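A short reminder: the numbers here are calculations on the coordinates, not readings from a lab. If you're wondering where the values come from, they're calculated on a predicted model, not measured in any experiment. Ideal geometry is used to build each Cβ from the backbone, glycine not excepted, and the neighbour counts take in all protein chains shown.
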Amino acid sequence: MATLQELMAQRAALDQQIAETKDRERSDALAKVRTLMSEYGLTVADLAAPRRGPVKGQSKVAAKYRNQATGETWSGRGLQPKWLKAALAGGAKLEDFSV
C-alpha cells in the first residue's frame, strides 16, 4: 500500500498533467475556431446569438379582459388570472372586464 506522501506526489503529477492537457486542448480548439472563422469569413459579431422574433406559428393574442384598477389584462386563453377569479368570486361579471 502506498504512503500518504507517495499518493500526494502522484496527485501533484496528475494535476500537472491535467493542466497541461487542458491548455493543449484549449489551444487546439482555438486554432480550429480561427480556421473555421477565416474559411467562412466569420467575425466575432457573427458568433453572437441572433435576435429572433416570435416563433413561427405563434402570435401574441390581443387582450379581451382588463382590470381597470391595475391595468392587468387577460386574453381569455389559459387559466383565469387571480385578479379575475377574485373579482368573479366577489360578484362581478366577466363582461365587466371586457376591453
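Relative to the Cα centre, what is the charge dipole magnitude of the chain, using +1 at the beta carbon of each Lys and Arg, -1 at the beta carbon of each Asp and Glu, and rounding to the nearest 20 debye?
820 debye
Summed over qualifying helices (DSSP H, 4 residues or more, each -39500 (n - 2.57)) and divided by its residue number, the chain shows a 222 nm mean residue ellipticity of -16500 deg cm²/dmol.
Extension gain, residue 69 to residue 18: 0.36 nm times the residue separation minus the Cα-Cα distance gives 12.1 nm. A straight line joining the Cα centroids of region 68-85 and region 10-50 runs 50 Å.
Each label point was placed 7 Å from the Cα along the Cα-to-Cβ direction; for residue 30 and residue 47 their separation is 1.1 nm. Provide the net charge surrounding residue 93, with neighbours chosen by a C-beta distance below 15 Å and charges set as Lys +1, Arg +1, Asp -1, Glu -1. Residues close to residue 93 contribute a combined charge of +1.
Of the three principal axes defined by the Cα atoms of the chain, the extents in descending order read 79, 50, 22 Å.
For region 11-99, the tally of Lys pairs with Cα-Cα distances below 27 Å comes to 10, considering only residues 8 or more apart or on different chains. Charge dipole of region 4-47 (Cα centre as origin; +1 on each Lys and Arg Cβ, -1 on each Asp and Glu Cβ, all else neutral): 40 debye, rounded to the nearest 20.
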